[in-house]
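Shown next, in structure tokens, is the structure this report addresses.
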Amino acid sequence: GLLLLSTLLMSMTSIALVSADSGKVVVHLKGALEADDNLKAAMVDYSYVEWSVVTGDITSSDLAGADMLVMIQADPAAEYTTAEISAVTSWFDEGNKLLWVASDSDYPDGQELRPPDANAMLEAVGSSLRGEHGETQDPLVNFDAAYRVKGVSTNCSEDYKFLVAGVTYAQFHGCGIIIGYLNGNYYALEDTDIDGVHVIMTSSPSGVISDESAPAPEAHSPGEEGSFAMMVLEEMGNNNYVIATSDAPFSHYSPMYKPEIQKESRYGLEFNPNQGAALFGNILDFAVRNGMGATISTLEDDVDGLETEVS
């Protein structure tokens with residue numbers, strides 16, 4: 001019993017070490033020519049994972065062995081195909097996955113083309129989250145313009161506070177709103193609790209809803225004020241997770257991850273605290289370690305049982 005207990009404890013240590021230095025992340029920049037400077041910075045900053053960047057149609061072979069997939073329409077007119085949605089759904093069904101789907105606002109310069117495709121992907125994997133056809137602005141808590149919203153972490157679900165460790169603000173530029181969808185009805189997540197759905201980042205209480213193009217917002221009214229959901233996590237079956245955001249970490253006009261690369265005078269820490277990189281890093285860390293959770297839990301149960309027998 002003591003020998004087996006020692007072996008199990010060493011196995012747990014080994015698993016923890018492996019998970020700290022492994023993991024594969026795929027970033028789908030649909031319609032891009034190459035990774036943007038922000039993604040290139042993330043690949044350097046978090047070199048402990050294996051990165052793969054797909055700019056064309058994504059396939060099952062692209063997803064082989066991936067723990068996390070970030071889906072971004074770099075070109076808003078580049079729609080997700082039926083084959084792509086099928087490939088992502090099959091990968092997700094394997095379990096122990098994190099799927100991040102980036103939506104956008106309905107601003108009529110191409111951004112309004114993104115929410116329908118993001119929603120098609122969310123629907124395909126059985127998520128209760130949707131990108132709303134509207135825009136969040138914040139006239140008070142922003143990066144020098146109401147549409148450059150400072151997302152705040154103060155309303156983060158207690159269960160997932162670790163995802164916003166070290167994060168006060170993160171930029172959501174020209175962003176939309178994340179809402180709930182159940183049984184054919186849309187729900188504002190600041191008013192409705194849905195099982196397994198956890199709000200991570202919101203606008204400040206001075207956030208304002210605007211309607212930039214048809215159709216009308218599904219769960220809010222133009223002019224409505226409040227702390228609107230902009231990053232939401234949903235716990236799915238099979239140890240899977242979905243994250244839906246109202247803007248993208250990379251590739252959009254001014255992305256969440258280190259926008260100071262484009263404009264230091266606006267987004268540098270000495271001017272406006274922006275921890276979008278830390279927020280992404282926390283999520284990445286969670287995603288690549290999540291797959292080990294079930295194995296570690298099983299070993300912990302075995303150890304508890306053996307300790308009882310040895311005692």
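For the condition within 18 Å of A165 (Cα to Cα), at pLDDT 90 or above and not acidic (D, E), what is the one hit in V242, V232, V208? Outline the logic, then answer.
Details: V242 fails: within 18 Å of A165 (Cα to Cα); V208 fails: within 18 Å of A165 (Cα to Cα).
When all the criteria are applied, what remains is V232.
Take the conditions farther than 22 Å from E235 by Cα and either among the small types (G, A, S) or in contact with an Asp or Glu (Cβ under 9 Å, 6 or more places away or on another chain) (or both) and apply them to R148. Does it pass?
Answer is yes for this residue.
Could you tell me which numbered condition G176 fails, if it satisfies all but one of (1) over 16 Å from M256 (Cα atoms); (2) touching a residue at least 60 places away in the same chain (Cβ under 8 Å)?
Among (1) over 16 Å from M256 (Cα atoms); (2) touching a residue at least 60 places away in the same chain (Cβ under 8 Å), the lone unmet condition for G176 is (1).
Applying the selection to the stretch 97-124, what residues are over 17 Å from the mean Cα position of the chain (by Cα) and not hydrophobic (A, V, I, L, M, F, W, C)?
D106, Y107, P108, D109, G110, Q111, E112, P116
Looking at G110 and the list (1) within 23 Å of G237 (Cα to Cα); (2) out of contact with any strand residue (DSSP E or B) (no Cβ under 8 Å at 6 or more places or on another chain), which single condition is not satisfied?
Tallying (1) within 23 Å of G237 (Cα to Cα); (2) out of contact with any strand residue (DSSP E or B) (no Cβ under 8 Å at 6 or more places or on another chain), G110 fails exactly one: (1).
Which strands (runs of 3 or more DSSP E) does the stretch 133-233 wholly contain that include 1 or more residues that are more than 22 Å from L99 (Cα to Cα) and in contact with a Phe, Trp or Tyr (Cβ under 8 Å, 6 or more places away or on another chain)?
So the answer is 135-137, 148-152, 207-210.
Pick from D144, D104, D159: which is farther than 19 Å from F280 by Cβ and either touching a helix residue (DSSP H, G or I) at 6+ places or on another chain (Cβ under 9 Å) or open to solvent by less than 20 Å² (accessible area, probe 1.4 Å) (or both)?
After applying the criteria, what remains is D144.
Quick check on the stretch 84-101: of everything there that is part of a helix (DSSP H, G or I) and small (G, A, S), which residue is surrounded by the most Cβ atoms within 10 Å (Cβ to Cβ)?
A87
Report, by residue number, each residue of the stretch 234-276 that is under 20 Å from Q73 (Cα atoms) and assigned to a helix (DSSP H, G or I).
P259, G276
Filter the stretch 137-162 down to the residues that are in contact with a His (Cβ under 9 Å, 6 or more places away or on another chain) and under 17 Å from T245 (Cα atoms) and list them by number.
Correct list: Y147, R148, V149, C156, S157, Y160.
Yes/no per residue for (1) farther than 15 Å from E135 by Cβ; (2) loosely packed, with under 14 Cβ neighbours inside 10 Å:
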site: E212; (1), (2): no, no
site: P215; (1), (2): no, yes
site: M231; (1), (2): yes, no
site: E235; (1), (2): yes, no
site: E264; (1), (2): yes, yes
site: L269; (1), (2): yes, yes
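When you check G126 against the structure, is it open to solvent by 10 Å² or more (accessible area, probe 1.4 Å), out of contact with any Ser or Thr (no Cβ under 8 Å at 6 or more places or on another chain), touching a residue at least 60 places away in the same chain (Cβ under 8 Å) and more than 30 Å from T81 (Cα to Cα), yes or no?
Criteria not met by G126.
Looking at the stretch 44-63 only, could you name the residues that are open to solvent by less than 60 Å² (accessible area, probe 1.4 Å) and of a type outside the set (V, I, T)?
Once the filter is applied, which keeps residues that are open to solvent by less than 60 Å² (accessible area, probe 1.4 Å) and of a type outside the set (V, I, T), the stretch 44-63 yields Y46, W51, S52, G56, D62, L63.
Taking R289, is it more than 20 Å from F162 (Cα to Cα), part of a helix (DSSP H, G or I) and not hydrophobic (A, V, I, L, M, F, W, C)?
no
Going by the conditions given, is Y46 within 30 Å of D211 (Cβ to Cβ), in contact (Cβ under 8 Å) with a residue 60 or more places away in the chain and of a type outside the set (S, T, N, Q)?
no
For the stretch 293-311, state whether one or more residues are open to solvent by less than 30 Å² (accessible area, probe 1.4 Å), out of contact with any His (no Cβ under 9 Å at 6 or more places or on another chain) and modelled with pLDDT of 90 or more.
Checked the stretch 293-311: no residue is open to solvent by less than 30 Å² (accessible area, probe 1.4 Å), out of contact with any His (no Cβ under 9 Å at 6 or more places or on another chain) and modelled with pLDDT of 90 or more.
The values are calculated or read from the model by the stated rules, or taken from the named source; none is laboratory data. Everything numeric here is computed off the predicted structure, so don't read it as measured data. Positions of Cβ are generated from backbone atoms using ideal geometry, with glycine treated the same way; all protein chains shown enter the neighbour counts. These accessible areas exclude ligands, DNA and RNA; they are computed on the full protein's heavy atoms, side chains included. Shrake-Rupley method; radii C 1.70, N 1.55, O 1.52, S 1.80 Å.
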